[in-house]
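Notes to accompany the following structure.
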Amino acid sequence: MPFIPSFSLRTSLFALLVTAGITPIAAADGDISFRRAAAIAKQYVRLSTTAQRTLKSRTLSNRTGAPYYLFNDAGNNGFVLVSGNEAMGSILAVGTEAPLDTLHAPEGLQYLLEAYRERFQTVQKMSAADRKRYFTTFATNNSYTPVTPLLKSKWGQGYPYNNSVGGYPTGCVATAVAQIMYFHRWPEQGTGTKTYRTYDGNTAQIDFSQSRYAWNLMHDSYDRRNLTDDERNAIGKLHHDIGAAVDM
């Protein structure tokens, strides 16, 4: 996965770059230095002691060339991912509940961060005029209305969500769709049929009209929860049916 500097750890971006023998990409117009990234990050998180020490070093704090900077909150109450170039916008991601664990990042997050890295490399190759055009686009379209998360559920792909799929992971699409359906508590009953291929290569058919979804037996979180058979079956059936519907 791409290198992601985490300043809640006992290292700093450029110290690690030097000791690892990695040379930052040559600076381009609009590149964001560590010092500027830290100033942006302070609007969202409390900087760690390590990050503050890095700021005291003019050599380290003024360096550029990183595709992004990750600042985890000193109190582990969130994170902010700051862009490495203005043409990508200033903020790539913000979390308000927990730090971002880059050492155990799921595949989807790794893919997203790699995409940011590739985008940064593309920006480095742009002409000054193109970079200015991209920056102007972000600078003139940065107004937004903050809202709290609509979804309260925090579901995964393992137990008990996979209760009806033979112990296999439910699949990321099934888990995402399931949470949206749970938010709306809809539908109460399925419609239509679907022929799909199972994990073992067999063909199966499902009649969704035979499925009723017991939303009242589902929960926002299942961490260490003792479940009844009905509760396990309710969450399992929902994920099973969605998985079949989207060919997971």
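Being assigned to a loop (DSSP other than H, G, I, E, B), closer than 22 Å to residue 81 by Cβ and at pLDDT 80 or above is the filter here; which residues of segment 116-146 pass it?
126
Considering only residues that are β-branched (Val, Ile, Thr) and under 15 Å from residue 160 (Cβ atoms), which ones fall in segment 191-241?
Within segment 191-241, 228, 235 meet the criteria.
Within segment 232-244, does at least one residue satisfy the condition of being free of Cβ contacts under 8 Å to residues at least 40 places away in the same chain and surrounded by fewer than 16 Cβ atoms within 10 Å (Cβ to Cβ)?
no
Which of the residues that make up segment 81-109 are in contact with a Ser or Thr (Cβ under 9 Å, 6 or more places away or on another chain) and in a helix (DSSP H, G or I)?
Scanning segment 81-109 gives 87, 102, 103, 109.
One line per residue, one yes/no per condition, for (1) hydrophobic (A, V, I, L, M, F, W, C); (2) modelled with pLDDT of 90 or more; (3) not assigned by TED's automatic domain parsing to the domain that holds residue 180:
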residue: 69; (1), (2), (3): no, yes, yes
residue: 87; (1), (2), (3): yes, no, yes
residue: 102; (1), (2), (3): no, no, yes
residue: 161; (1), (2), (3): no, yes, yes
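Here is a check on your reading of the model: is residue 134 aromatic (Phe, Trp, Tyr), in contact (Cβ under 8 Å) with a residue 40 or more places away in the chain and surrounded by 14 or more Cβ atoms within 10 Å (Cβ to Cβ)?
So residue 134 passes the test.
Across segment 193-248, what is the total count of residues that are acidic (Asp, Glu), more than 22 Å from residue 153 (Cα to Cα) and assigned to a loop (DSSP other than H, G, I, E, B)?
So the answer is 2.
Would you confirm, using the coordinates I've provided, whether residue 72 is of a type outside the set (A, V, I, L, M, F, W, C) and touching a strand residue (DSSP E or B) at 6+ places or on another chain (Cβ under 6 Å)?
yes
Out of curiosity, is residue 176 of a type in the set (Gly, Ala, Ser), over 30 Å from residue 29 (Cα atoms) and without any contact (Cβ under 8 Å) to a residue 24 or more places away in the chain?
yes
The values are calculated or read from the model by the stated rules, or taken from the named source; none is laboratory data. Computed from a predicted model, the values in this text were never measured in an experiment. Note: ideal-geometry Cβ built from the backbone for every residue, glycine included; neighbour counts use all protein chains shown.
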